[in-house]
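A.B. asks: The following block contains the structure, expressed as structure tokens.
The values are calculated or read from the model by the stated rules, or taken from the named source; none is laboratory data. Since we're looking at a predicted model, the values are computed, not measured. Positions of Cβ are backbone-derived with ideal geometry, glycine not excepted, and every protein chain shown enters the neighbour counts.
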């Protein structure tokens, strides 16, 4: 008699627990989306279905400024963090194992293991000292802070892609007298590109949604869309905030869907 392999799905109550977990995760999100179409200002009353709050959010100059600033910061942070993550991944995977390799992995992934507020406070102190010494202010500090925080998010899919790559083509290119740069540009990078794009998209989403680091590092007049929403919620929670949240949710879901499509393994 053949031995049956263990499967968690056969455990008693698995389906019930899984359903409860999904409900706990998605009912709050569904409530947010539904109430973004509520014509009433207060959450306790339900009026008619309307798109007015989306129109109001679209016409809000502060929302436009915060959205443009968020996209700019997220785009720059994604480019910087992905470039650094690609170099780090190449330096830690395309060579023989060496002493201290585990320590380097830990240091690269440090933002994932340390509470985000610790990173935020550390960056706030560092940038405060730099501003005091140099007198230089601007949006660059937010870009640098987001880039530093996003490096491990870009590094992980790039490293995974590199570890799954066969060295045969690179070895063949070297046998044909291709230089190291030519081999990287014509062989390694094209094969690695799905991982690079996936890492960039993940870094973009993380930067776009970040609140804690932005709240600690930003200066006056540098609100991103999440910090703008946080400030408005402290005054009054209106369906306009729900509409903005729904739009941000759609962007995030679209980016994450593209990320999983790029990183899934082919048969």
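A.B. asks: Residues of segment 93-112 being surrounded by fewer than 17 Cβ atoms within 10 Å (Cβ to Cβ) and in contact (Cβ under 8 Å) with a residue 24 or more places away in the chain, which ones? Spell out the reasoning first.
C.D. replies: As a first pass, look at segment 93-112 and keep what is surrounded by fewer than 17 Cβ atoms within 10 Å (Cβ to Cβ): 93-107, 109-110, 112.
Passing the criteria: 93, 94, 109, 110, 112.
A.B. asks: Here's a follow-up. Only one residue in 254, 174, 243, 178 is farther than 20 Å from residue 139 by Cβ and in contact (Cβ under 8 Å) with a residue 12 or more places away in the chain, so which one is that? Walk me through it before giving the result.
C.D. replies: On the way: 254 fails: in contact (Cβ under 8 Å) with a residue 12 or more places away in the chain; 174 fails: in contact (Cβ under 8 Å) with a residue 12 or more places away in the chain; 178 fails: in contact (Cβ under 8 Å) with a residue 12 or more places away in the chain.
Result of the check over 254, 174, 243, 178: 243.
A.B. asks: When you check residue 26 against the structure, is it at pLDDT 80 or above, in contact with a helix residue (DSSP H, G or I) (Cβ under 8 Å, 6 or more places away or on another chain) and farther than 30 Å from residue 142 by Cβ, yes or no?
C.D. replies: Working: at pLDDT 80 or above: yes; in contact with a helix residue (DSSP H, G or I) (Cβ under 8 Å, 6 or more places away or on another chain): no; farther than 30 Å from residue 142 by Cβ: yes.
Answer is no for this residue.
A.B. asks: Also, quick follow-up: Consider only pairs whose beta carbons are under 7 Å apart and that are at least six residues apart or on different chains; among these, list those whose first residue lies in segment 44-71 and is exposed (fewer than 14 other Cβ atoms within 10 Å of the Cβ) and whose second residue is assigned to a helix (DSSP H, G or I).
C.D. replies: Close Cβ pairs (under 7 Å, with a partner that is assigned to a helix (DSSP H, G or I)) amount to 62/228.
A.B. asks: With segment 210-267 as the region, which helices (runs of 4 or more DSSP H) entirely inside it contain at least 3 residues that are within 19 Å of residue 56 (Cβ to Cβ), modelled with pLDDT of 85 or more and touching a strand residue (DSSP E or B) at 6+ places or on another chain (Cβ under 6 Å)?
C.D. replies: Details: elements: 212-217, 225-235, 239-263.
Correct list: empty, since no element meets the threshold.
A.B. asks: Consider residue 188 carefully, then state whether it is assigned to a helix (DSSP H, G or I) and surrounded by 18 or more Cβ atoms within 10 Å (Cβ to Cβ).
C.D. replies: Numbers: assigned to a helix (DSSP H, G or I): yes; surrounded by 18 or more Cβ atoms within 10 Å (Cβ to Cβ): yes.
For residue 188, the condition - assigned to a helix (DSSP H, G or I) and surrounded by 18 or more Cβ atoms within 10 Å (Cβ to Cβ) - is met.
A.B. asks: Looking at segment 9-37 only, could you name the residues that are out of contact with any strand residue (DSSP E or B) (no Cβ under 7 Å at 6 or more places or on another chain), closer than 18 Å to residue 250 by Cβ and surrounded by 12 or more Cβ atoms within 10 Å (Cβ to Cβ)?
C.D. replies: 29, 31, 32, 33, 34, 35, 36
A.B. asks: Additional query: Of the residues in segment 154-168, how many are surrounded by 15 or more Cβ atoms within 10 Å (Cβ to Cβ) and not in a loop (DSSP other than H, G, I, E, B)? Please lay out each step first, then the result.
C.D. replies: Going residue by residue through segment 154-168, those that are surrounded by 15 or more Cβ atoms within 10 Å (Cβ to Cβ) are 154-162, 165.
Within this subset, residues satisfying the condition of being not in a loop (DSSP other than H, G, I, E, B) are 154-162.
Adding up the residues that qualify gives 9.
A.B. asks: Right, something else. With the structure loaded, tell me whether residue 119 is under 27 Å from the mean Cα position of the chain (by Cα), surrounded by 12 or more Cβ atoms within 10 Å (Cβ to Cβ) and at pLDDT below 85 or whether it fails that test. Full working, then the answer.
C.D. replies: Numbers: under 27 Å from the mean Cα position of the chain (by Cα): yes; surrounded by 12 or more Cβ atoms within 10 Å (Cβ to Cβ): yes; at pLDDT below 85: no.
Considered against the rule, which asks whether it is under 27 Å from the mean Cα position of the chain (by Cα), surrounded by 12 or more Cβ atoms within 10 Å (Cβ to Cβ) and at pLDDT below 85, residue 119 comes out as no.
A.B. asks: How about segment 122-138: which of its residues are part of a helix (DSSP H, G or I) and loosely packed, with under 12 Cβ neighbours inside 10 Å? Full working, then the answer.
C.D. replies: So in segment 122-138, the residues part of a helix (DSSP H, G or I) come out as 122-134.
125, 129, 132, 133, 134, listed by residue number.
A.B. asks: Separate question: Please go through (1) free of Cβ contacts under 8 Å to residues at least 40 places away in the same chain; (2) part of a helix (DSSP H, G or I); (3) closer than 23 Å to residue 199 by Cα for residue 90 and return the number of the only condition it doesn't satisfy.
C.D. replies: Of everything listed in (1) free of Cβ contacts under 8 Å to residues at least 40 places away in the same chain; (2) part of a helix (DSSP H, G or I); (3) closer than 23 Å to residue 199 by Cα, residue 90 misses just condition (1).
A.B. asks: Restricting attention to segment 113-129, report how many residues are farther than 17 Å from residue 154 by Cβ and either touching a residue at least 40 places away in the same chain (Cβ under 8 Å) or touching a helix residue (DSSP H, G or I) at 6+ places or on another chain (Cβ under 8 Å) (or both). Lay out the reasoning, then the answer.
C.D. replies: Within segment 113-129, the first condition is being farther than 17 Å from residue 154 by Cβ, and the residues that meet it are 114-115, 117-118, 120-129.
Now restrict to residues that are either touching a residue at least 40 places away in the same chain (Cβ under 8 Å) or touching a helix residue (DSSP H, G or I) at 6+ places or on another chain (Cβ under 8 Å) (or both): 117, 120-121, 123-124, 127.
Here the count works out to 6.
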